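Below: one structure, written as structure tokens.
Quick note: the coordinates plus some simple rules give every number you see, no bench work behind them. All of these numbers come straight from a predicted model, not from anything done at the bench. So basically every Cβ, Gly included, is an ideal-geometry build from the backbone, and we count neighbours across all protein chains shown.
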Amino acid sequence: MEQYNQKEIEAKWQKNWEKSDLNKAEDFSKKSKYYCMIEFPYPSGEGLHVGHCRSYTALDILARKKRMEGNNVLFPIGWDAFGLPAENYAIKTGQHPKVTTEKNVVTFTRQLKSLGYSFDWSREINTSDPNYYKWTQWIFLKLFEKNLAYKTKMDINWCTKCNVGLANEEVVNDKCERCGGDVVRREREQWMLKITAYADRLLEDLDKVNYLEKIKKQQSDWIGKSHGAQVVFKIISKTELVEDKGYYLPVYTTRPDTLFGCTYMVVAPEHELIQKFADQIDNYDEVLDYIELTKKKTELERTNLEKVKTGVELHGLKASNPVTKEEVPIFAADYVLSTYGTGAIMAVPGHDQRDYDFAKKYNLPIREVISGGNIKKEAWTGDGVLVNSDFLNDLNVQQAIDKMIDWLEERELGFKTTNYHLRDWVFSRQRYWGEPIPIIICPECGYVPVPEKDLPVILPDIKNYRTTETGDSPLAKVEDWVNVACPKCGGDAKRETDTMPNWAGSSWYFLRYVDPKNDKVLADFKKLKYWIPVDWYNGGMEHTTLHLLYSRFWHKFLFDIKVVPTPEPYAKRTSHGMILGEDNEKMSKSRGNVINPDDVVNHYGADTFRVYEMFMGPFDQATPWSTQGVVGVSRFMEKIWQIGNNLDDKKRTNDDDLIRLMNKTVKQVTEQIETLDLNTCVSAMMILVNKFQNEGCNKEIFEDFLKIFSPFAPHLCEEIWQKLGHKKSIFLEKWPKYDIKLIKDEAIEIPIQVNGKVRSKIFVTQDMSEEEIKKTALSDEKVKKNIGENEVKKFIYVKDKIINIVI
RNA sequence: GCCGAAGUGGUGAAAUUGGUAUACACGAAGGACUUAAAAUCCUUUGGAGUUAAUCCUCCGUGCGGGUUCGAGUCCCGCCUUCGGCACCA
């Protein structure tokens, strides 16, 4: 009995495949193209995670199957190599991020190759490679040219630990997403990208793509388009401001119909109104105290104090309701956010629960303007007929909204508008390990783009990776790099020292795979036309808002300037579930529940590891790791090895039963790879192999099995394939076909229920008429017994499924 | 608080989308082989009751209702867990 030495076999085939062209994608091949892609990894010092492997194995199976089905498959790999961990490590140890990143890439490469993934390594890319980031910088220049990149002074999130600015999106619970440090507000000049200019298209074009519904929902929620009106309230102060026409406070509301029910107003604690009217506010000190308090509050504290709304009235100021001319009080309260709408709201406690809670606490009047609820108990947010609203009375909500907007527009007190949650993308980082922003700041000419011929702007080597005391990037200290001549006027100028965020390089990498070595353009247009869009993109759920949205934005921009041929980058997007530790918790170093792929591969082999990860549970759901489960798969692999090495050609050459199950399995595996129902694919093949083991199998059938199993366990199948006398790789074989006629059983066993309970089973054949079946069923002993003396009221026969007799 | 996903044996999970609930795998128990163990193979394995019996009966997919000949699946109302979040006006 020959031993299954997986280690030897896997090393042997990995070497052989590397020498072959099996996985090379061919530009302009006449075969139909298939571009499938996984999210390229950030090469962290921790090495490959078993979660990476879940995604990579699934799409590797897809890629291998697509090739066997005759497609020209592009399945590429690369490195999302810029990133903060490498920089933080450099700050700690003084090691250049380039050096540690290179080291990590070597580790990742070894690990990925040890798993036998069929990547086309000839197209490997690295975002920190100047030949790559030259084009990241080029895209920035184009955005700048089209006024989609601008610099502005703004309050940004400032991580006190990393000393970097963070996009809102990167702040988690008022802590820095990457380092966990405290985040405070701080004003700074920042490069911004105008993603909001694309908000509508990013939303509408979701109809054009095949993303999982939940992913689409996340995208559209993040864009957050709402319809409503902007309304202005005149501010009344004790002394009129010097400004001639007075101060009008604009608010955004989705419910202008409730304007008659507005009994107070709220501005965000950060609102400019407070500064502007500082000397008019009687309790200014109290207000300042409140603002200070708000700043200290973490997001978490705010959410925990959910029910207890806090705020402070701005004594001395009133706002005039534009429709009632009533003067209402103004509050500053942290439940209003400065970042959404205009940072101020009209409060309608009768019809908004948050306003209602606030009004109750501060004893403010609650007025019903829409009937249908009981505002003594809670706010009524549903539809109803308008009351107490003068010219809106008796209308329903939608009619009232329309009429109110007309009324406001006529008097120039407001207008219909939409609002987006989506805000412009903060693109500056005061960091070292990122793409330098290719801009030169000239005292005469302002922001001058680096001429295209001078790209890439190479990231210079430095010794000290720490942000400067002023919060500038460490690049600011590299004087011979910073000081340059202005490309426009030739005078003394300085380079921009901010670098790009991690998202930049990953926003377009799928384009570079198409033409990774091009030094004339980011990728040849004809090649892009052949390959783009990506047919299937899989990645983690955590990237389905930010990364996905950013890369769609860049792609749309590139489409507008005619650099790419399609408006959308990814035709299809799926996400995989997390792999949890054996304790059912998220894997983390601190919990000590991390599973290292190397250990699994060394102990059980790559094929076992791959098959286990597919078998462990539904692909899109979180599942805990189970070492016992790996053992089970390991036995399965051993079983296949033994059967493959002991095939008896004379045994079972033509058995209908076996052929039927084989055809069924081919059908199921063929279909379910396409839906990534890989756990049930594996179990179907286990059932087949159990049959082989119990009843024997001939060579022909076993070879078909090897073909459908080869994407899952490539090394094992290739080895047995060779041992069965084949000279060429199994991956050059055609994907097996199945015959639908052979799948149907001649006789089907169907259950008979009496009053919905299974009482017996009978066999029916294809040629039996319904009458015959009924007769057979009713004459069945057990059925007879259960019917007894009762009258048969109904006889239900669902073809090939079930019989139900109602008595 | 809001949004999303889920809840089925001791465990990971199946169930052709309204048609035999628990496939496949793990674990456990018993047996075979062995001096013994490991490995491997065979049998049993949702619960309760009942029986000479592996006969038979009832219960059973988070909870409570409903629709249907028939519900894990559909509808209404809850509970719990996980993931995400931006009190979004």
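Worth a mention:
- Against chain A, whose longest principal axis comes from its Cα atoms, helix A:130-145 is set at around 40 degrees.
- Note: relative contact order over chain A, using C-alpha pairs below 8 Å and six or more positions apart, is 14 percent.
- Among the lysines of the stretch A:449-515, pairs at least eight places apart or on separate chains and with Cα atoms under 20 Å apart come to 4.
- The C-alpha atoms of chain A define a longest principal axis, and helix A:546-560 lies at about 80 degrees to it.
- Remark on the stretch A:603-721: Rg and Dmax equal 14.1, 46 Å (Cα only).
- Equivalent ellipsoid, chain A (semi-axes from 5 times Cα gyration tensor eigenvalues, Å): 58, 42, 23
- Nearest 10 degrees, 0 to 90: helix A:6-19 Cα axis against chain A principal axis: 70
- Shape class for the stretch A:551-609: prolate, because the ratio a/c of the largest to smallest gyration tensor axis (alpha-carbon atoms, square roots of eigenvalues) is 1.5 or more and a/b beats b/c.
- Every helix of 4 or more DSSP H residues in chain A counts as -39500 (n - 2.57), and over all residues that averages to -11000 deg cm²/dmol at 222 nm.
- Shape analysis of the stretch A:392-465 yields a ratio of the Cα radius of gyration to the Kirkwood radius, Rg/Rh, of 1.40.
- Under-5 Å amide H pairs with A:Val594, H placed in peptide plane, nonlocal only: A:Ser588
- Cα shape, the stretch A:1-139, gyration tensor, a/c 1.5 rule: oblate
- Burial ordering of A:Ile743, A:Ile61, A:Ile274, fewest other beta-carbon atoms within 10 Å first: A:Ile743, A:Ile274, A:Ile61
- 26 Å Cα-Cα threshold exceeded, pairs from A:Lys66/A:Lys113; A:Lys217/A:Lys801; A:Lys216/A:Lys801; A:Lys208/A:Lys562: A:Lys217/A:Lys801; A:Lys216/A:Lys801
- Here's the list of lysines a cross-link from A:Lys727 could span, going by alpha-carbon distance under 17 Å and ignoring same-chain residues fewer than 8 apart: A:Lys12, A:Lys15, A:Lys19, A:Lys699, A:Lys707.
- Semi-axes of the equivalent ellipsoid for the stretch A:575-660, computed as √(5λ) from the eigenvalues of its C-alpha gyration tensor and ordered from largest down, come to 35, 16, 8 Å.
- Rg then Dmax, both in Å and based on the Cα atoms of the stretch A:425-521: 14.6, 43.
- Cβ-based exposure ranking for A:Ser769, A:Ser507, A:Ser760, in which fewest neighbours within 10 Å come first: A:Ser769, A:Ser760, A:Ser507
- Separation between Cα centres of the stretch A:569-618 and the stretch A:368-417, rounded to whole Å: 54
- Of the beta bridges in chain A, as assigned by DSSP with both residues counted there, near 75 percent are antiparallel.
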